[in-house]
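*Asks:* The structure's right below; bear with me while I get my questions together.
Read the figures in this text as sums done on the coordinates, not as results from a lab. Since the model is a prediction, treat every value here as computed from it, not as a measurement. Note that each Cβ is placed from the backbone with ideal geometry, even for glycine, and that neighbours are counted across all protein chains shown.
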Amino acid sequence: MTSPPDDASTLVGDGERDDGARRLRDAYAEGRLTREDMDARLDRVLTATTRGELAEALASLPAEDPGASVAIGAATGRVKRSGAWRVPRTLKVESALGRVRLDLSRAVIEHPVVDIVLNVGTGRASITVPHDAVVDLDGVQTGMKDSVYKPPRRPAAGGPTIRISGVMGFGRLTVRHARR
């Protein structure tokens with residue numbers, strides 16, 4: 001069996017369009033694009049059907065660091081990260097039946113924005129963020145149980161933005177801020 005050629009006519013999926021949209025938002029946040037340019041390119045990215053169309057919309061953006069995205073997962077066991085671990089720009093976490101526990105309170109976070117993309121079936125997910133982090137849960141889709149997040153009463157400034165997105169099937173997502 002031969003694989004299809006990796007050329008401009010190859011069809012793209014939702015994941016590739018989502019990655020392109022994230023790259024545009026990041027470029028805008030870094031001041032590389034005007035709001036108007038980002039909006040126009042975002043429309044082209046979200047309607048792209050081939051790699052050529054997607055590449056045209058992302059032209060002139062800096063190349064993405066290949067080490068900026070990491071995927072971790074387990075079918076039935078636990079996914080756990082804690083202590084002093086290096087957090088990538090994008091962390092993709094997959095778990096069919098297990099529990100997910102991410103503790104970023106003592107982690108090395110080198111990026112101003114960190115994307116955590118969850119794909120959790122029936123297990124629970126617990127994420128502890130630094131006390132000064134800003135949390136964005138707008139991209140999380142829940143199945144049976146709502147996400148639990150209580151923002152701090154007195155938010156601290158200067159921390160990273162943690163954007164959590166993805167799908168929580170039958171489990172619950174709990175996000176909390178670490179104590180100082």
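*Asks:* Could you tell me how many degrees, from 0 to 90 and to the nearest 10, lie between the Cα long axis of helix 14-29 and the main elongation axis, the longest principal axis, of the Cα atoms of the chain?
*Replies:* In the chain, helix 14-29 runs at an angle near 80 degrees to the longest axis.
*Asks:* Which lysines does LYS92 reach when only Cα atoms under 18 Å apart count, and residues fewer than 8 places away in its own chain are ignored?
*Replies:* Once the sequence-local lysines are set aside, what remains near LYS92 is LYS80.
*Asks:* Ok, one more. Given the -39500 (n - 2.57) contribution per DSSP H run of 4+ residues, what per-residue ellipticity at 222 nm results for the chain, rounded to the nearest 500 deg cm²/dmol?
*Replies:* Result for the chain: -6000 deg cm²/dmol, rounded to the nearest 500.
*Asks:* Percent of Cα-Cα pairs per 5 Å bin, from 0 to the last occupied bin, for region 1-153, please list those.
*Replies:* Going from the shortest bin to the longest, the percentages are 2, 8, 15, 17, 18, 16, 12, 10, 3, 0, 0, 0.
*Asks:* Same structure again: Only counting other Cβ atoms within 10 Å, I'd like LYS80, LYS150 sorted with the fewest neighbours first.
*Replies:* LYS150, LYS80
*Asks:* Quick one: angle between helix 35-47 and the longest Cα principal axis of the chain, in degrees between 0 and 90, rounded to 10, please.
*Replies:* 80
*Asks:* By its C-alpha gyration tensor, with a ≥ b ≥ c as the square roots of the eigenvalues, how is region 66-177 shaped: rounded for a/c under 1.5, else prolate for a/b larger than b/c, else oblate?
*Replies:* Here region 66-177 falls in the oblate category.
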